[in-house]
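Scroll down for the structure; my scribbles are underneath it.
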Amino acid sequence: MSDKEKSPSQEENTKEQTSLPANEEAKTPETHSEVEQSMIDESQKEPSNTTNEELNSTSEEAEDEAKAQEPSAEKASNEDNAHQDELDDAIAEDSEDEDAHERHGIEMKDYHAMSMPELVRELSSLVKNERVQHIRDHVQEIKTEFDAKFEEEMEQKKEDFLEEGGNIIDFHYSSPIKKEFNSIYFDYKEKRNNHYQQLKNNLQKNLEERLAIIEELKGMIGAGADMGANFSQFKELQERWKKAGPVPREQYKMVWNTYHHHVENFYDFLHLDREFRDMDFKHNLEQKLKMIARAEELAEETNINRAFRELQMLHKMWKEDVGPVAKEYREDIWEKFSEATKKIHENRQAHFADLDKVKEKNLEVKQQIINDIKEIADKDITSHNQAQQQIKKIEALRDQFFKAGKVPLKVNEETWQAFKENVRTFNRKKNAYYKNLKKEQYKNLEKKLELVEIAEDNKNNEDFKATTPIMKKIQSNWKQIGHVPRKDSDKIWKRFKDACNHYFDRLHAVRNEENKEENEAFDKKKELLDAAKSLELQGNPEEDLKLIKAKIAEWKEVGRVPYNKRYIEGKFNKVLDQLFSQLDIGRKEAEMMKYENRVQALDEADDSRQIEREESFLRKKISETKAEITQLENNMQFFSNVDESNPMVRDVLKNIERHKVQLETWKAKLKKVRSL
C-alpha cells in the first residue's frame, strides 16, 4: 500500500480545489496504509454533502459487499466448510493471547514412553523455563501419563497390602515422586490461574473498548461533518483499534466481522475518487493474490503442522491487515484462497490418517505385549528363581508397552485396561506364591530355632566324644532346612553360628593340647626309627630277638602320633621286616610281633568303627586264603600220578603250605582284635 499523505498546507489548498493529481501529493511525517491514504485523498477532494437516501443505499451496498467477501460460506455445505471452521477456531484461540503462537515452537515429546521420574523432570523444566500460557497442552499430556502410571503403581501396592492381610479401608499410598509432581503441578496451576485471571480481565476490557470503537464507527456514517474531519476521526479509531488488544476467543469472529462490515460501510460512504479507489483495490488484490500463491505453495508443504500454522497467519492477514478488493474479484479470489485452504486441510487430515495408521501398528505391538504378559501370568509360579525371572520379564514388557507409542483413541482405554488387568493377574499370583512361601519360611524358622536351642544347650558340654556328632549333625540339618523370613535370618544365624563356634573352639583347643603330645610322640618315633635303621645284630638269634623286641616295646610305649603322620608306622614295619629276615624266626611270629603296633593303635583310638572295619578286613582275608588253598588242592588232583619230585608239583605244594601259614597268621590277628 502507498505511504503518501497530504501536508497541512496542501489540505488547506484542497478546500479551494475540486481535485489534485496523484503525483502532486506530498509525504507527511506520519505513515499510513494505502487504504487510509486513499481515504484521505478522496475526502480532501470531495467534501461530503451526502443525503440520507444516498447514505442508506451506500450502507446497503457495503453490507452486500461484506457478505460477498466470503461467498462460499453461504453457498457451501457445513461439511465443505469444516476446514474453514477449524481454521477460524485456531485463529480465534491464538488471537486471544497475542503470543500464544509461541507454544507451537515447544517440542511435544513422547511423554507416553517416559517414566514417572522423567515426567517430573520434564514438567519441572517446562514450568521453570517456559511461559505458562505456552505449555498448557504439554502439561495436560504429562499429567495424563503420570496419573496413569501412578494409578498402576498404586493398584499394585493395594494388591500387595491386601495380600498381606490388610483392610481396604486402612489402605493409603503416596510416594516422594508423587509429592514432587503435585508440588510442581500446583505451582503451574497457580501461575496459570494468575495469568488467565489477568488475561480475562484484560480481554473483557479490550472487548468493551472494541465494541465502543465499533459504535463510534457506526455513528460516523451519515454524520454531517466534512469528509476530512470524518476521515481524521476514522483514522483515530483505526489506531485505537490496533492498540485495543485481544478479545475472548468466542467473541473474536463476531467482533472482527462487525468491525470490517462497518469499515466497508464507511469506506463506501466516503465515495472515494474512483481512480484512487481502483488503485487501492488493485493493491489489495495483488496482496491477496500473493497470499493465495503462498497458500497454494503450502498445500505442497510436507511439514503439515508448519503449513497449518502459516496458513493461520495468512488468514489473519487476509482478515485483519489487507483491505477489500473490487467487487467483481471478491468471490473469485476468496474461492481460490478457500480452495488452497481446503487442500491444506485435506493434507492435514491425511497426515492424521497416517498417524492413525501408525497408532494401529502401535496397537498391534501393544496387543502382542499384552498377550506375552498374559502367557506369563497364566503360568503357575513354583520357585523363587522362576518368580524373579518372570518379574524381570514383566518389567521388560512393561517398558516395551510404554515405548510402543500411542494407540487410536477409541481403543486407548480398552488397551490400557487389558494391560493393567494382565499385569495385575501376574502380581496376584506372585503375591500368592510369596505369601505361601512366607508360611513355609515361618515353619523353617521354627525348625532352625530348635537347632539353635540344641547348639546353645551343648556349647559348653565337656563330653566331646558324645557331643561332637550331635553338633555336626545339627549343622548338616541346618543346611537342609530352607529359607526363613529375611527379618529373622541374620539374627538366628548369628545365634546358631556363635553357639557352634564356641563349642568347636573349645574342642579344637583340647585337641590342640592332645596334638601337642602326639607331635612329641612323632618326634620320638622318628628318633626310634632312625635308631632301628642303624641297629646291627650280633649274630646271636636269642639276643638279637630280645633286642628287636625291646625296640618294639619302646616304640609302643611312645604312644599315638597325629593321624596325618601315621605313615611312620609303615616305615617302622619295613625296618622290622629287614631285621627279622636276618633271624631264623617263623613268618607268623614275626608278623604277630609287628601286628602288636596295629592292635595298640586301634586300642588307643577308642573307635569301635575302626575296630569293626579291621575285624571285617581280617575275616575277608581268612575267607580269601581258604579259597586259595581249596583251589590249589583241587589243582593237585591233576597231578595224582605225577611224582612229587616234579618241579611243578613242588611249587604247588609250597604255595599251599605258604597259604596255610598265612591263614594261621590271619586267624591269630583276628583273635587279637576280638580281644579289644
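The values are calculated or read from the model by the stated rules, or taken from the named source; none is laboratory data. Quick caveat, the model's predicted, so the values are computed rather than measured. Counting neighbours? That spans all protein chains shown, and the Cβs are built from the backbone with ideal geometry, glycine included. The protein model used for the area step is the full one, side chains on, heavy atoms only, and it has no ligands, DNA or RNA in it. Shrake-Rupley method; radii C 1.70, N 1.55, O 1.52, S 1.80 Å.
Pulled fully out, how much extra length does the chain show between Tyr329 and Asp380, if you take 0.36 nm times their separation in residues and subtract their Cα-Cα distance? Mind showing how you got there, number by number?
On the way: separation 51, 0.36 × 51 = 18.36 nm, distance 7.77 nm.
In short, 10.6 nm is gained.
Please check which bits of region 417-450 a label hung off Asp488 would reach, taking the label as a point 7 Å along Cα-to-C-beta and the cut-off as backbone N under 18 Å.
In region 417-450, the label zone of Asp488 (backbone N under 18 Å from the point 7 Å along Cα→Cβ) covers 434-450.
With every protein chain left in place, what is the accessible area per residue of region 363-507 in square angstrom, probe 1.4 Å?
Value returned for region 363-507: 62 Å² of accessible area per residue.
Roughly speaking, to the nearest percent, how much of region 306-358's 1.4 Å accessible area is carbon and sulfur?
Details: 1410 of 2720 Å².
Taking all protein chains in place, region 306-358 shows 52 percent carbon and sulfur surface.
Taking θ = phi - 60°, what integer Hz values does the Karplus form 6.51 cos²θ - 1.76 cosθ + 1.60 yield along region 421-436, in sequence order, with x for Gly and Pro?
The phi angles translate into 5, 6, 4, 5, 4, 4, 4, 5, 5, 4, 5, 4, 4, 6, 5, 5 Hz.
Roughly how many debye, to the nearest 20, is the charge dipole of region 287-414 about its Cα centre, given +1 on each Lys and Arg Cβ, -1 on each Asp and Glu Cβ, and no other charges? Don't jump to the answer; show the numbers that get you there.
Values: 25 positive and 25 negative charges, 63 e Å.
Here region 287-414 has a charge dipole of around 300 debye.
Residue by residue through region 189-203, what is 3J(HN,Hα) from phi via Karplus (6.51 cos²θ - 1.76 cosθ + 1.60, θ = phi - 60°)? Round to whole Hz and write x for glycine and proline.
3J(HN,Hα) across region 189-203, in whole Hz: 4, 5, 5, 4, 5, 4, 4, 6, 5, 5, 5, 4, 4, 5, 4.
Find how much the distance from Arg511 to Glu339 grows on full extension, using 0.36 nm per residue of separation minus their present alpha carbon separation; answer in nm with one decimal. Please report the intermediate quantities before stating the final value.
Working: separation 172, 0.36 × 172 = 61.92 nm, distance 10.64 nm.
Additional length available on full extension: 51.3 nm.
Can you work out the Karplus-derived ³J(HN,Hα) for every residue in region 492-504? Use 6.51 cos²θ - 1.76 cosθ + 1.60 with θ = phi - 60°, whole Hz, and x for glycine or proline.
6, 5, 5, 4, 5, 5, 4, 5, 5, 4, 4, 5, 6
Which entries of Lys429/Lys472; Lys149/Lys443; Lys158/Lys366; Lys549/Lys667; Lys200/Lys290 have Cα-Cα distances beyond 29 Å here?
Details: Lys429/Lys472 39 Å; Lys149/Lys443 38 Å; Lys158/Lys366 25 Å; Lys549/Lys667 22 Å; Lys200/Lys290 36 Å.
From the list (Lys429/Lys472; Lys149/Lys443; Lys158/Lys366; Lys549/Lys667; Lys200/Lys290), the Cα-Cα distance tops 29 Å for Lys429/Lys472; Lys149/Lys443; Lys200/Lys290.
Across 5 Å bins from the origin, how do the percents of Cα pairs in region 385-524 run, short distances first?
Values per bin, smallest distances first: 2, 8, 12, 12, 9, 9, 8, 7, 6, 6, 5, 5, 4, 3, 2, 1, 1, 1, 0, 0.
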